[in-house]
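Peer 1: My questions will all concern the structure given below.
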Amino acid sequence: MTAELVLRGAKVGDATADLAIADGRIVAIASELPGADEEIDAAELLALPGVVDAHVHLNEPGRAHWEGFATGTSALAAGGTTCAIDMPLNSIPATVDGAAFDAKLRAAERTAYIDVALWGGLVPGDADRLDELAERGVVGFKAFMAASGVDEFPAADDLTLLEGMVRAARLRLPVAVHAESDELTRGLTRRAVREGRTAMRDYLRARPAIAELEAIGRAIAFAAETGCALHVVHVSTARGVALVAEARGRGVDVTCETCPHYLVLDADDAERLGAIAKCAPPLRDPAERVALWERLGDLELVASDHSPSPAELKQGDDMFAVWGGIAGAQTLLALLYDEAVARRGLAVARLVELLAGGPARRFGLAPAKGALAVGSDADIVLLDPAGSWDVARADLLDRHGLSPFAGRRLSGRVVRTLLRGRTIALDGRIASPPAGRVLRRGRGGRITA
Ligand SMILES: [Zn+2]
């Protein structure tokens, strides 16, 4: 096939190679490929598969003033993400049935700059809704084991979770859980608020590591019992990752993710930064952060959990009252490249696995997504390892740009993002009209747009 575009001389794995693209796909990876109509000089740049961010909250329809597809996916594109999986909250309606899926689809069409797949919600009530969502092509179902923070997405009690997993197993789709004990976090929160202890330290203490560990253990027990594939989102402790790895070792189909904020920030940062660094599970003590790095080898993926809100919801001194959620759509790859590759010497191949290959395979988006390979979508990031990025609010394209990472100098710079062969972001700015698709996961695991 004649190539329409050739990227020249990029670093691909350990080699230097050209990448030829036709019809939105990679058609050849080799040295000194024949010329094409369009050529991009990629000398000295790392060519990576576009990041697959398995955990973002784009909040549209219904809370587009928090974040929307246009702004959220702009930030994702500029940061090197070409495919994101949108969480079933905090949009209104929450994506808990077929009609809500359709509303989400309409919101994403013509406004998303990157490809988007959808999580459905597992909440108490009519379980037939899971079938509706599966029929429409969700990648799996997300459940909260503790309060979600929004009324329209209630937590899954144990029976809802257990029976939801039975249903999901039959549908051959994974269940993703926010794993924190409702009993423990609710009780500790009530006590702190009643006693008027509402500073950041008090908030952190109300969500201790044991709340996470207990919930992960319970979710694993349910997965082992039902045969349901389980994914634990935003694990914040090394012990949580270890529980997952141990269960996988004895044959339970379970994986987990962490987020850059648990690797880069800690409880001291939370106190210093305040509401902008509030999240759940919360930032942990410095020793926990160190331990989490040591468990990186047991993680399948790292996701941003981009969960922004307007500034007014981040104001006030009561850390239980302010919105919890960290805006990180644009900084996922940059932070991981800087912290893991540049500072700690992680192999680029492992970075690619955590940010692209791992999530794409786990959620049925491979082989089209997650790899630089002949036949894959030409979703490519060019990163300049010799460059750097001083993260500044003015650079951030998400709706509010309230990043706890602003002010950091990061080694490496994302210079270009291509979606199916088209340059969608160039040096931190959007470079073409929105052409993202909503991807649907089919019964046989096939992905259609
Ligand atoms: Zn989330």
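Peer 1: Out of all the residues in segment 89-111, is one or more within 16 Å of the ligand (Cβ to nearest atom), assigned to a strand (DSSP E or B), at pLDDT 95 or above and crowded, with 20+ Cβ neighbours inside 10 Å?
Peer 2: no
Peer 1: Looking at segment 1-26, which of its residues are assigned to a strand (DSSP E or B) and within 28 Å of the chain's Cα centre (by Cα)?
Peer 2: Filtering segment 1-26 for residues assigned to a strand (DSSP E or B) gives 5-12, 15-22, 25-26.
Hits for segment 1-26 are 7, 10, 11, 12, 19, 21, 25, 26.
Peer 1: Starting from segment 286-308, take each residue that is touching a residue at least 12 places away in the same chain (Cβ under 8 Å) and list its partners that are loosely packed, with under 15 Cβ neighbours inside 10 Å, counting only C-beta distances under 8 angstrom and pairs at least six apart or across chains.
Peer 2: Pairs that qualify, where the first residue is touching a residue at least 12 places away in the same chain (Cβ under 8 Å) and the partner is loosely packed, with under 15 Cβ neighbours inside 10 Å, are 286/268; 293/344.
Peer 1: Within segment 112-133, which residues are out of contact with any Cys (no Cβ under 9 Å at 6 or more places or on another chain), among the aliphatic types (A, V, I, L, M) and either surrounded by 23 or more Cβ atoms within 10 Å (Cβ to Cβ) or touching a residue at least 60 places away in the same chain (Cβ under 8 Å) (or both)?
Peer 2: Going residue by residue through segment 112-133, those that are out of contact with any Cys (no Cβ under 9 Å at 6 or more places or on another chain) are 112-113, 118-133.
Of the ones still in play, those that are also among the aliphatic types (A, V, I, L, M) are 112, 118, 122-123, 127, 130, 133.
Once the filter is applied, which keeps residues that are out of contact with any Cys (no Cβ under 9 Å at 6 or more places or on another chain), among the aliphatic types (A, V, I, L, M) and either surrounded by 23 or more Cβ atoms within 10 Å (Cβ to Cβ) or touching a residue at least 60 places away in the same chain (Cβ under 8 Å) (or both), segment 112-133 yields 112, 118, 122, 123, 130, 133.
Peer 1: If only one of 280, 334 is assigned to a helix (DSSP H, G or I) and either open to solvent by 10 Å² or more (accessible area, probe 1.4 Å) or small (Gly, Ala, Ser) (or both), which one is it?
Peer 2: Answer to the selection: 334.
Peer 1: Among the residues of segment 222-237, which ones are small (Gly, Ala, Ser) and either within 16 Å of the ligand (Cβ to nearest atom) or open to solvent by 10 Å² or more (accessible area, probe 1.4 Å) (or both)? Show your work before the answer.
Peer 2: Here is the first cut: in segment 222-237, the residues small (Gly, Ala, Ser) are 223-224, 227, 229, 236.
Listed by number, the residues that qualify are 224, 227, 229, 236.
Peer 1: Test residue 275 against the criterion of being of a type outside the set (Asp, Glu) and in contact (Cβ under 8 Å) with a residue 40 or more places away in the chain, and give yes or no.
Peer 2: Working: of a type outside the set (Asp, Glu): yes; in contact (Cβ under 8 Å) with a residue 40 or more places away in the chain: yes.
Considered against the rule, which asks whether it is of a type outside the set (Asp, Glu) and in contact (Cβ under 8 Å) with a residue 40 or more places away in the chain, residue 275 comes out as yes.
Peer 1: Within segment 58-74, track down each residue that is open to solvent by less than 10 Å² (accessible area, probe 1.4 Å), within 16 Å of the ligand (Cβ to nearest atom) and in contact with a Pro (Cβ under 9 Å, 6 or more places away or on another chain).
Peer 2: Those that are open to solvent by less than 10 Å² (accessible area, probe 1.4 Å), within 16 Å of the ligand (Cβ to nearest atom) and in contact with a Pro (Cβ under 9 Å, 6 or more places away or on another chain): 59, 67, 72.
Peer 1: Another question, then. It is to be established whether one or more residues within segment 163-171 are under 23 Å from residue 279 (Cβ atoms) and assigned to a helix (DSSP H, G or I). Break it down stepwise before answering.
Peer 2: If we filter segment 163-171 for residues that are under 23 Å from residue 279 (Cβ atoms), which is where we start, we get none.
Looking for residues that are under 23 Å from residue 279 (Cβ atoms) and assigned to a helix (DSSP H, G or I), one finds none in segment 163-171, hence no.
Peer 1: Moving on to the next point. Considering each of 197, 207 in turn, give the residue that is in a loop (DSSP other than H, G, I, E, B) and within 22 Å of residue 57 (Cβ to Cβ). I'd like the intermediate steps shown before the answer.
Peer 2: Numbers: 197 fails: within 22 Å of residue 57 (Cβ to Cβ).
After ruling out the rest, the residue left standing is 207.
Peer 1: May I pose another question? Please verify whether residue 51 is free of Cβ contacts under 8 Å to residues at least 60 places away in the same chain and either open to solvent by less than 30 Å² (accessible area, probe 1.4 Å) or not aromatic (Phe, Trp, Tyr) (or both), treating the condition exactly as stated.
Peer 2: Details: free of Cβ contacts under 8 Å to residues at least 60 places away in the same chain: no; either open to solvent by less than 30 Å² (accessible area, probe 1.4 Å) or not aromatic (Phe, Trp, Tyr) (or both): yes.
Against the criterion (free of Cβ contacts under 8 Å to residues at least 60 places away in the same chain and either open to solvent by less than 30 Å² (accessible area, probe 1.4 Å) or not aromatic (Phe, Trp, Tyr) (or both)), residue 51 does not qualify.
Peer 1: Here's something else I'd like to know. Given the residues 302, 254, which is the only one that is of a type in the set (Val, Ile, Thr), crowded, with 23+ Cβ neighbours inside 10 Å and touching a Lys or Arg at 6+ places or on another chain (Cβ under 8 Å)?
Peer 2: Numbers: 302 fails: touching a Lys or Arg at 6+ places or on another chain (Cβ under 8 Å).
Being of a type in the set (Val, Ile, Thr), crowded, with 23+ Cβ neighbours inside 10 Å and touching a Lys or Arg at 6+ places or on another chain (Cβ under 8 Å) holds for just one of 302, 254, which is 254.
Peer 1: With the requirement that a residue be surrounded by fewer than 19 Cβ atoms within 10 Å (Cβ to Cβ) and touching a residue at least 60 places away in the same chain (Cβ under 8 Å), what does segment 199-221 give you?
Peer 2: If the condition is that a residue be surrounded by fewer than 19 Cβ atoms within 10 Å (Cβ to Cβ) and touching a residue at least 60 places away in the same chain (Cβ under 8 Å), then 199, 201, 209, 218 are the ones that fit.
Peer 1: Moving to a separate point now. When you scan segment 343-449 for strands (runs of 3 or more DSSP E) that lie fully inside it, which ones turn up with 1 or more residues that are exposed (fewer than 14 other Cβ atoms within 10 Å of the Cβ)?
Peer 2: Values: elements: 380-390, 409-419, 422-426, 438-441.
Qualifying strands (runs of 3 or more DSSP E): 380-390, 409-419.
The values are calculated or read from the model by the stated rules, or taken from the named source; none is laboratory data. All figures in this text were calculated on a predicted structure; none of them were measured in a lab. Backbone-built Cβ (ideal geometry, glycine too); neighbour counts: all protein chains shown. In case anyone asks, the SASA skips ligands and DNA or RNA and just uses the protein heavy atoms, side chains included. Shrake-Rupley method; radii C 1.70, N 1.55, O 1.52, S 1.80 Å.
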